[in-house]
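Student: Just passing along the structure, written as structure tokens.
The values are calculated or read from the model by the stated rules, or taken from the named source; none is laboratory data. Treat the numbers as computed from the prediction; the structure is a model and nothing was measured. Here Cβ is always computed from backbone atoms with ideal geometry, including for glycine, and neighbour counts include all displayed protein chains. Surface areas here come from the heavy atoms of the whole protein model, side chains and all, with no ligands, DNA or RNA. Shrake-Rupley method; radii C 1.70, N 1.55, O 1.52, S 1.80 Å.
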Amino acid sequence: MPYTQSRHNNEEEIDLRELFATIWRYRGFIFWLTTIITLIALVVIYRMPKYYKTTTTIEVKPQNGNRDNGIGEAFGGAGALLGLAGIATPVSHTEKDAALLSMYRVNSRVLDIVTYNARYWHYDKFRYNEVGENNCSIYISDLKIHDYKKFGMEVTFEPLSKESFSLKLPSLLWNKNIGTFRYNTPIHTKYFDMTVFKNSSGAVPDKITLYGDKHFIFNKIITKNLKAEVDKKSKNPFIEISYLDTIPSRGEKYTKELIEKYIKMSIKDELEDINISLSAINKQIVEIQNLVSKSKSQYQSYKTENTILSPEAQAKVLIEEKAGIDVKIFDMEHKLSLVKKLVSMSRDRRKIDTMAPALVQLGDEVTAGFVGKLQELQTQKAALSQEFKPTYPKLQAVNRQINNLRNKIRSSLKALQKILSGELTLLKKEEQKFTKEFKSGPKLETGLASLMRDYKLYEKMYTYLLQKRSAEELKKAEALSRFRTIDPIYTNPAPAKPKKALIAIVAFVTALILSIFLAFFREFLRGNK
């Protein structure tokens with residue numbers, strides 16, 4: 001046993017000696033190959049464009065519709081049923097706001113102001129540096145690329161005189177000439193249409209990247225460089241926004257415009273929903289106010305004509321309870337009517353993504369979440385459709401997800417309709433029980449109690465609608481102060497990427513491992529000769 005172990009140890013020592021001997025034998029090969037690969041990596045790193053990081057933090061307060069406005073307490077059990085979005089359990093919308101900030105709907109508005117249609121590159125010190133439109137000798141307008149496959153194409157620019165220039169398509173062997181054109185004159189080629197204007201001063205670009213489509217720009221540039229993340233470390237409703245750009249001033253401008261556009265759009269959407277709700281409430285208030293006056297007049301006339309001073313205490317209790325049930329039925333019928341409209345809308349694919357405000361009003365956050373995801377997928381589908389054919393696997397997968405979500409939304413709405421119908425049936429049965437108790441009393445008392453019940457019911461509805469209108473007005477006021485900038489927009493003067501040191505270390509280690517592997521492979525081939 002000791003002999004076997006000693007032999008095994010000797011074999012290991014021999015293997016290690018051979019290993020190091022092979023490395024030493026090919027040390028020159030390993031050194032030079034590692035050095036060459038590392039130098040190539042360093043050249044590539046040097047030629048990479050520098051990206052600067054712009055950051056800011058905003059506070060997004062929860063919507064008033066997600067707070068308890070106290071109406072539920074004012075109406076007891078009925079109030080819990082009567083509340084729309086305003087009496088539901090508080091729900092934070094910070095994550096939703098962060099997702100919306102990263103979506104095409106908002107960013108498309110920003111891209112109308114901060115344009116990436118054409119990007120200008122000036123060759124200096126063996127690398128291309130991007131030049132901003134304001135610091136460039138030219139700028140491009142009215143760009144339209146004919147073939148979506150050419151989105152993001154590069155052309156070389158060469159000024160020939162004060163009035164003309166040439167454009168070429170770069171290639172490995174030689175550049176393909178597109179043509180000679182004049183400044184400030186529309187250009188028409190088989191690749192694109194555009195107009196090149198000449199500035200009074202600025203750097204002359206050597207290369208131009210043409211994008212020409214906002215969907216393409218959003219997918220190729222914005223989605224890769226924009227991040228909107230919720231601050232999960234604290235419970236505060238903070239969203240941290242960061243954006244990478246090769247031109248710091250443009251990155252700051254983009255971030256600023258993104259926040260401004262999103263705030264304006266969010267406030268506009270909220271105010272539209274609130275105004276729709278207020279319009280319906282005001283209409284109901286006028287109708288109920290007339291019914292209150294009419295029922296009160298009838299009640300007083302009946303008492304006077306029949307010389308009845310007041311109903312019995314038991315009748316009063318029945319009237320109060322009956323009025324409470326009638327209020328519940330009133331609101332349940334309103335909700336059921338709204339759900340039936342939504343079920344009808346769900347049959348039209350174009351209208352499904354407009355349901356979110358009504359679903360939030362009903363307190364159905366789950367289905368509202370489905371609608372939000374559907375909107376996101378539809379944006380993704382629109383972007384993919386710009387680049388790929390309908391048979392593209394990812395596009396087909398998105399279409400399947402969209403169809404599945406539509407089916408889930410329809411099923412969820414039908415289930416909600418069934419639940420509300422069941423609750424309404426139970427309420428009506430309870431109402432019938434109280435009606436029978438009314439009819440069992442004396443004729444005059446029953447008649448007076450019936451009129452008093454109507455009066456109490458309409459009075460309660462009127463009070464409820466006034467409180468609901470106040471809640472909506474409060475939401476309207478708070479919508480204007482939901483957003484606040486916590487940290488001002490700041491761009492770090494040091495480039496955020498490429499991370500030169502990290503890439504260089506990874507390149508060196510990779511080159512060393514590859515060189516050693518090739519050295520052993522050469523030794524293997526040598527041994528087989």
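Student: Return only the number of the condition from (1) more than 30 Å from Lys220 (Cβ to Cβ); (2) open to solvent by less than 30 Å² (accessible area, probe 1.4 Å); (3) out of contact with any Ser or Thr (no Cβ under 7 Å at 6 or more places or on another chain); (4) modelled with pLDDT of 75 or more that Asp326 does not satisfy.
Tutor: Among (1) more than 30 Å from Lys220 (Cβ to Cβ); (2) open to solvent by less than 30 Å² (accessible area, probe 1.4 Å); (3) out of contact with any Ser or Thr (no Cβ under 7 Å at 6 or more places or on another chain); (4) modelled with pLDDT of 75 or more, Asp326 violates only (4).
Student: State whether the residues of segment 200-216 include one that is exposed (fewer than 14 other Cβ atoms within 10 Å of the Cβ) and either within 30 Å of Ser164 (Cβ to Cβ) or aromatic (Phe, Trp, Tyr) (or both). Before the answer, list the steps.
Tutor: We begin by selecting, within segment 200-216, every residue exposed (fewer than 14 other Cβ atoms within 10 Å of the Cβ); these are 200-201.
Filter once more, so that each one left must be either within 30 Å of Ser164 (Cβ to Cβ) or aromatic (Phe, Trp, Tyr) (or both): 200-201.
Yes, some residue in segment 200-216 is exposed (fewer than 14 other Cβ atoms within 10 Å of the Cβ) and either within 30 Å of Ser164 (Cβ to Cβ) or aromatic (Phe, Trp, Tyr) (or both).
Student: Of the conditions (1) touching an Asp or Glu at 6+ places or on another chain (Cβ under 9 Å); (2) at pLDDT below 95; (3) not in a loop (DSSP other than H, G, I, E, B), Asn236 fails just one. Which one is it?
Tutor: (3)
Student: Okay, next question. Mind checking which residues of segment 149-168 are open to solvent by less than 60 Å² (accessible area, probe 1.4 Å) and part of a loop (DSSP other than H, G, I, E, B)?
Tutor: Those that are open to solvent by less than 60 Å² (accessible area, probe 1.4 Å) and part of a loop (DSSP other than H, G, I, E, B): Phe151, Gly152, Ser161.
Student: Report, ordered by the first and then the second residue, all pairs with beta carbons closer than 6 Å, sequence separation of six or more or different chains, a first member in segment 500-515 that is open to solvent by less than 80 Å² (accessible area, probe 1.4 Å) and part of a helix (DSSP H, G or I), and a second member that is at pLDDT 90 or above and among the hydroxyl-bearing types (Ser, Thr, Tyr).
Tutor: As it stands, the answer is Ala507/Thr38; Ala511/Thr34; Ala511/Thr38; Leu512/Thr34; Ser515/Thr34, since those pairs meet every condition given.
Student: Does Lys340 satisfy the criteria of being modelled with pLDDT of 80 or more and not hydroxyl-bearing (Ser, Thr, Tyr)? Please lay out each step first, then the result.
Tutor: On the way: modelled with pLDDT of 80 or more: yes; not hydroxyl-bearing (Ser, Thr, Tyr): yes.
The answer is yes for Lys340.
Student: Being more than 26 Å from Ile241 (Cβ to Cβ), surrounded by 15 or more Cβ atoms within 10 Å (Cβ to Cβ) and out of contact with any Phe, Trp or Tyr (no Cβ under 9 Å at 6 or more places or on another chain): is that true of Met194 here?
Tutor: Numbers: more than 26 Å from Ile241 (Cβ to Cβ): yes; surrounded by 15 or more Cβ atoms within 10 Å (Cβ to Cβ): yes; out of contact with any Phe, Trp or Tyr (no Cβ under 9 Å at 6 or more places or on another chain): yes.
For Met194, the condition - more than 26 Å from Ile241 (Cβ to Cβ), surrounded by 15 or more Cβ atoms within 10 Å (Cβ to Cβ) and out of contact with any Phe, Trp or Tyr (no Cβ under 9 Å at 6 or more places or on another chain) - is met.
Student: Further question on the same structure: Of all residues in segment 12-60, how many are of a type in the set (Phe, Trp, Tyr), open to solvent by 50 Å² or more (accessible area, probe 1.4 Å) and farther than 29 Å from Pro498 by Cβ?
Tutor: 3
Student: Here's something else I'd like to know. Could you count how many residues in segment 169-226 are within 35 Å of the chain's Cα centre (by Cα), in a strand (DSSP E or B) and of a type in the set (Lys, Arg)?
Tutor: Here the count works out to 1.
Student: Could you please find all residues in segment 343-366 being modelled with pLDDT of 75 or more and either surrounded by 19 or more Cβ atoms within 10 Å (Cβ to Cβ) or of a type in the set (Ser, Thr, Tyr) (or both)?
Tutor: Residue satisfying the conditions is Ser344 alone.
Student: Can I ask one more? Looking for whichever is in a loop (DSSP other than H, G, I, E, B) and either out of contact with any helix residue (DSSP H, G or I) (no Cβ under 8 Å at 6 or more places or on another chain) or at pLDDT 90 or above (or both) here; the options are Ile113, Ile36. Which one fits?
Tutor: Working: Ile36 fails: in a loop (DSSP other than H, G, I, E, B).
Residue meeting the stated conditions: Ile113.
Student: I've got another one for you. If I filter segment 237-248 for residues that are open to solvent by 20 Å² or more (accessible area, probe 1.4 Å), more than 20 Å from the chain's Cα centre (by Cα), among the hydrophobic types (A, V, I, L, M, F, W, C) and under 18 Å from Thr491 (Cα atoms), do I get at least one hit?
Tutor: Checked against the condition, which is being open to solvent by 20 Å² or more (accessible area, probe 1.4 Å), more than 20 Å from the chain's Cα centre (by Cα), among the hydrophobic types (A, V, I, L, M, F, W, C) and under 18 Å from Thr491 (Cα atoms), segment 237-248 yields at least one hit.
Student: Taking the residues in segment 129-148 that are of a type in the set (Ser, Thr, Tyr) and surrounded by fewer than 17 Cβ atoms within 10 Å (Cβ to Cβ) as candidates, determine which candidate is modelled with the highest pLDDT. Don't jump to the end; show me each part of the working.
Tutor: Step one: list which residues in segment 129-148 are of a type in the set (Ser, Thr, Tyr), which gives 137, 139, 141, 148.
From what's left, surrounded by fewer than 17 Cβ atoms within 10 Å (Cβ to Cβ): 141, 148.
On the way: Ser141: 93, Tyr148: 84.
Taking the candidates together, the pick is Ser141.
Student: I've got another one for you. Among the residues of segment 388-421, write down those that are among the polar types (S, T, N, Q) and not in a helix (DSSP H, G or I).
Tutor: The answer is Thr391, and nothing else.
Student: Let me ask something else. May I ask you to say which residue of Ser412, Ser421 is modelled with pLDDT of 75 or more, more than 24 Å from Lys214 (Cβ to Cβ) and surrounded by fewer than 16 Cβ atoms within 10 Å (Cβ to Cβ)? Let's see the steps before the verdict.
Tutor: Details: Ser412 fails: surrounded by fewer than 16 Cβ atoms within 10 Å (Cβ to Cβ).
Result of the check over Ser412, Ser421: Ser421.
Student: Could you tell me whether segment 277-293 includes any residue that is under 30 Å from Leu384 (Cα atoms), open to solvent by 30 Å² or more (accessible area, probe 1.4 Å) and not basic (Lys, Arg)? It would help to see each step written out before you state the result.
Tutor: Of all residues in segment 277-293, those under 30 Å from Leu384 (Cα atoms) come to none.
Looking through segment 277-293, none of the residues is under 30 Å from Leu384 (Cα atoms), open to solvent by 30 Å² or more (accessible area, probe 1.4 Å) and not basic (Lys, Arg).
Student: A follow-up question, please. Which ones in segment 477-499 are assigned to a strand (DSSP E or B) and under 19 Å from Ile239 (Cα atoms)?
Tutor: We begin by selecting, within segment 477-499, every residue assigned to a strand (DSSP E or B); these are 483-491, 497.
Of everything in segment 477-499, those that are assigned to a strand (DSSP E or B) and under 19 Å from Ile239 (Cα atoms) turn out to be Phe483, Arg484, Thr485, Ile486, Asp487, Pro488, Ile489, Tyr490, Thr491.
Student: For residues that are of a type in the set (Gly, Ala, Ser) and without any contact (Cβ under 8 Å) to a residue 12 or more places away in the chain, scanning just segment 367-409, find the one that is most open to solvent (accessible area, probe 1.4 Å). Give the derivation first.
Tutor: In the first step, residues of segment 367-409 are kept if they are of a type in the set (Gly, Ala, Ser); the result is 368-369, 372, 382-383, 385, 397.
After this cut, where a residue has to be without any contact (Cβ under 8 Å) to a residue 12 or more places away in the chain as well, the list is 369, 385, 397.
Details: Gly369: 42, Ser385: 60, Ala397: 32 Å².
The selected residue is Ser385.
Student: Can you report the number of residues in segment 217-236 which are in contact (Cβ under 8 Å) with a residue 60 or more places away in the chain and open to solvent by 60 Å² or more (accessible area, probe 1.4 Å)? Don't jump to the end; show me each part of the working.
Tutor: Taking segment 217-236 first, the residues in contact (Cβ under 8 Å) with a residue 60 or more places away in the chain are 217-223, 225-231, 236.
Then keep just the ones that are open to solvent by 60 Å² or more (accessible area, probe 1.4 Å); that gives 220, 223, 227, 229, 236.
Total meeting the criteria: 5.
Student: Look at Pro186 and say whether it is touching a residue at least 24 places away in the same chain (Cβ under 8 Å), more than 23 Å from Lys214 (Cα to Cα) and open to solvent by 30 Å² or more (accessible area, probe 1.4 Å). Show your work before the answer.
Tutor: Details: touching a residue at least 24 places away in the same chain (Cβ under 8 Å): yes; more than 23 Å from Lys214 (Cα to Cα): no; open to solvent by 30 Å² or more (accessible area, probe 1.4 Å): yes.
The answer is no for Pro186.
Student: Which residues, taken from segment 475-501, are among the acidic types (Asp, Glu) and over 19 Å from Tyr243 (Cβ atoms)?
Tutor: Within segment 475-501, the first condition is being among the acidic types (Asp, Glu), and the residues that meet it are 478, 487.
The answer is Glu478, and nothing else.
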